[in-house]
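Trainee: So that we are looking at the same thing, I have put the structure below in structure tokens.
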Amino acid sequence: MYYPKRSIPLMISALVLSALWTATAAIAQTIERIDPPAWWVGLKEPTLELMIHGTQLDGVSVAVNAPGIRVIRSYLLENTHYLIADLEISPQAKAGQIDLMLQRNGATVAQVPYRLEDRGPHSSERQGFSSKDFIYLEVPDRFANGDVGNDSPKNASDHTNRGELFARHGGDFKGTMEHLDYLQHLGVTMLWMTPVLENAMPEASYHGYAITDHYKVDPHFGVNSDYRSLSQHAQKLGIGVIADMVPNHIGSNHFWMKDLPTHDWLSSNDPTFITNHAHSAIADPHAAEIDRERYISGWFVDSMPDLNTRRPELARYLIQNAVYWIEYADLSGLRIDTYSYSDKNFMSHYTQAILNEYPNLNIVGEEWRTQPSLVSYWQAGKVNTDGYVSHLPSLMDFPLMVAQNAVFGSEKNPHQALDNLYERLGEDFLYPNPLNLVVFADNHDTDRMFTQVHRRLARQKQNLVFLATTRGIPEIVYGDEVLLANDLLGNDGDRRKDFPGGWADDAVNAFTGKGLSSEQKDLQAFTQRLFTWRKTAKAVHTGHLTHYYPEHDVYVYFRQEGSQTVMVALNLSNHAQTLDLTRFSQNLKPHTQGVDVLTGKTTVLDRSLSIAGDGALVLDIN
């Protein structure tokens, strides 16, 4: 058993509880856990839902005798192994231990110690990620192994074997923490890790999306306090941590699956009832209700039971879980997996409740569709014809990802792809806030950027330039900066290969440069230079985007804010091009020169400008 910040008990075992309680009945040995395991005073939402799981709870109610705390109600769920206690925590409540008195027939049969904690300074004012940031996506199992002692935790369901694509490879929190300086040097300001909560699944558990305990980090990564330490250390280096949350489903080995709280805790109790993936049915005015319902209620896969978030106790459980980890791990944002697969009214309430506690936090949702009309439906501020009101601030820009990969992945005649990219950005009128979209060329579920550009260094550089300078929040996947590629197209295990140098016996070490090819070193330095510049380039953070219709396979656009203008030119042809600068006078006047961000050289802006074949030009004009 371990204790995170200020001795908050993270797992409550029957053995420990029986030692702590003053009890006179057999009930003292039947409580298995209380979720959440601790809470904070000073939150805006005064109500705390406790879920007490055990046996012999029939006829039991909960009482509290502590200043500023009262029990609103306590009741058993359909499965009487679950006792719900709703507490009201007033602004006058103080941090410290309180006793939950379990009573039967008016007599106290047990006292359970429970902790209330003070929040960190300015917790409610925490600043989330924004277009000023550069996000680095990491699969923690595949980044760096800092502690071989947790490679095979006791009673682990899955095994560790780097020779198997879908097995655990050993990466952990300590490994990431040891290399945060590398990320800082690269220009990273936000670290998005795929889910870190326990995944006690028998195979392919490394990815994290089949959670089996919402209040315990996966023991392959460390313990809960290691997660908090990682976040705190990252912040000292100017890097925030974004948690990947999964409210839509759980893993089939979740403790709920052994003892479901209610018959309708899941959207369906049939593992063969798989979602139809009909994303458009949610907003489609002509969609049949049976299709909408199957999209929401069907399981994502048969090993990931779909949660019925229409159950009020479950909805509150998931909201509290998000708040818990934001407070405990001092997070800078959330990424929500399979966002649109959950009940949309719940997701509106979920995001609204979190942002009510943290108005400046950012939350990005995954809606993997290629049409802006479908993605924009979910962004806060969108006026939808069906009346649906979303509170989700940000989304992953999958439509732009597809368009840009068609451009930089084109092997010949990129005219049509450039036209499509131009038009896709032109559809920004559909989004309430396009600046708050996350832009990316790859993620943990796609082929690697270098694979998609057919292993061409020049195209990789152009892709990175586009991400760094277009509107939105740029994100890359670990190893993109050293040309990691997958050889097996469409294979998730190969897409998520190990970062070179993350293991002690690696022959190539990207952290130190040992064994890297000249191309890898070149791109690593290029990425560092580009995104370090971006940290202070306000024009690409929030500046207005003006783009020009592509001509002769060259795409030119500008970002402008205040006295700063940034000009970007991407030449998709394999021969040098000369640009007539009079065409861009709207953005260039009265400037006569700019600094090439990628070379540091001053460029005179006279009547024409030359750009190399397969070249990228970024001019900072002040």
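Trainee: On the basis of being of a type in the set (A, V, I, L, M), outside any loop (DSSP other than H, G, I, E, B) and touching a residue at least 40 places away in the same chain (Cβ under 8 Å), does L355 make the cut?
Mentor: Against the criterion (of a type in the set (A, V, I, L, M), outside any loop (DSSP other than H, G, I, E, B) and touching a residue at least 40 places away in the same chain (Cβ under 8 Å)), L355 does not qualify.
Trainee: Given the structure, is N574 out of contact with any helix residue (DSSP H, G or I) (no Cβ under 7 Å at 6 or more places or on another chain), polar (S, T, N, Q) and under 21 Å from P414 (Cβ atoms)?
Mentor: Judged against the criteria, N574 is a match.
Trainee: Of the numbered conditions (1) within 19 Å of the chain's Cα centre (by Cα); (2) crowded, with 20+ Cβ neighbours inside 10 Å, A353 satisfies every one except a single condition; which is it?
Mentor: For A353, the exception is condition (2).
The rows are residues; the columns are (1) among the hydroxyl-bearing types (S, T, Y); (2) within 17 Å of R471 (Cβ to Cβ); (3) not assigned by TED's automatic domain parsing to the domain that holds T446.
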site: L331; (1), (2), (3): no, no, no
site: Y350; (1), (2), (3): yes, no, no
site: P372; (1), (2), (3): no, yes, no
site: S390; (1), (2), (3): yes, no, no
site: M396; (1), (2), (3): no, yes, no
site: M401; (1), (2), (3): no, yes, no
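Trainee: Right, here's the next one. Quick one: T565 ticks every box in (1) part of a strand (DSSP E or B); (2) out of contact with any helix residue (DSSP H, G or I) (no Cβ under 9 Å at 6 or more places or on another chain) except a single one, so which number is it?
Mentor: Answer for T565: the failing condition is (2).
Trainee: Moving to a separate point now. Return yes when K535 is surrounded by fewer than 18 Cβ atoms within 10 Å (Cβ to Cβ) and at pLDDT below 95 and no when it is not.
Mentor: So K535 does not fit the description; no.
Trainee: Within segment 382-430, work out how many residues are within 23 Å of T546 (Cβ to Cβ) and in a loop (DSSP other than H, G, I, E, B).
Mentor: Counting residues in segment 382-430 that are within 23 Å of T546 (Cβ to Cβ) and in a loop (DSSP other than H, G, I, E, B) gives 2.
Trainee: Let me spell it out: the conditions are (1) more than 23 Å from E49 (Cβ to Cβ); (2) in contact with an Asp or Glu (Cβ under 9 Å, 6 or more places away or on another chain); (3) crowded, with 19+ Cβ neighbours inside 10 Å, and T309 meets all of them except one. Which number is the exception?
Mentor: Going through (1) more than 23 Å from E49 (Cβ to Cβ); (2) in contact with an Asp or Glu (Cβ under 9 Å, 6 or more places away or on another chain); (3) crowded, with 19+ Cβ neighbours inside 10 Å one by one, T309 breaks only (1).
Trainee: Could you go through segment 401-411 and let me know if any residue there is polar (S, T, N, Q), out of contact with any strand residue (DSSP E or B) (no Cβ under 9 Å at 6 or more places or on another chain) and surrounded by 17 or more Cβ atoms within 10 Å (Cβ to Cβ).
Mentor: yes
Trainee: When you go through (1) surrounded by fewer than 20 Cβ atoms within 10 Å (Cβ to Cβ); (2) in contact (Cβ under 8 Å) with a residue 24 or more places away in the chain; (3) among the β-branched types (V, I, T) one by one for V364, which number turns out not to apply?
Mentor: (1)
Trainee: Check every one of the helices (runs of 4 or more DSSP H) wholly within segment 194-305 and list those with 2 or more residues that are surrounded by fewer than 21 Cβ atoms within 10 Å (Cβ to Cβ), touching a residue at least 60 places away in the same chain (Cβ under 8 Å) and within 18 Å of the chain's Cα centre (by Cα). Show your work before the answer.
Mentor: Values: elements: 224-236, 255-258, 289-297.
Counting at least 2 such residues, we get 224-236.
Trainee: Starting from segment 101-128, take each residue that is on the phi < 0 side of the Ramachandran plot and touching a residue at least 12 places away in the same chain (Cβ under 8 Å) and list its partners that are in a helix (DSSP H, G or I) and among the hydrophobic types (A, V, I, L, M, F, W, C), counting only C-beta distances under 6 angstrom and pairs at least six apart or across chains.
Mentor: V109/I27; A110/I27; A110/A28; P113/L20
Trainee: To continue, here is another question. So is L523 in the same structural domain as H444 (by TED's automatic domain parsing), under 22 Å from the mean Cα position of the chain (by Cα) and either of a type in the set (A, V, I, L, M) or assigned to a helix (DSSP H, G or I) (or both) or not?
Mentor: When the stated conditions are applied, L523 does not pass them.
Trainee: Look through R104, R119, R70 and report the one residue that is surrounded by fewer than 17 Cβ atoms within 10 Å (Cβ to Cβ) and closer than 24 Å to D259 by Cα.
Mentor: After applying the criteria, what remains is R104.
Trainee: Right, L395: closer than 15 Å to P474 by Cβ, touching a helix residue (DSSP H, G or I) at 6+ places or on another chain (Cβ under 6 Å) and either surrounded by fewer than 18 Cβ atoms within 10 Å (Cβ to Cβ) or not charged (D, E, K, R) (or both) or not?
Mentor: Yes: the conditions hold for L395.
The values are calculated or read from the model by the stated rules, or taken from the named source; none is laboratory data. None of the values given here were measured: they were computed from a predicted structure. All Cβ positions, glycine included, derive from the backbone under ideal geometry; neighbour counts span all protein chains shown.
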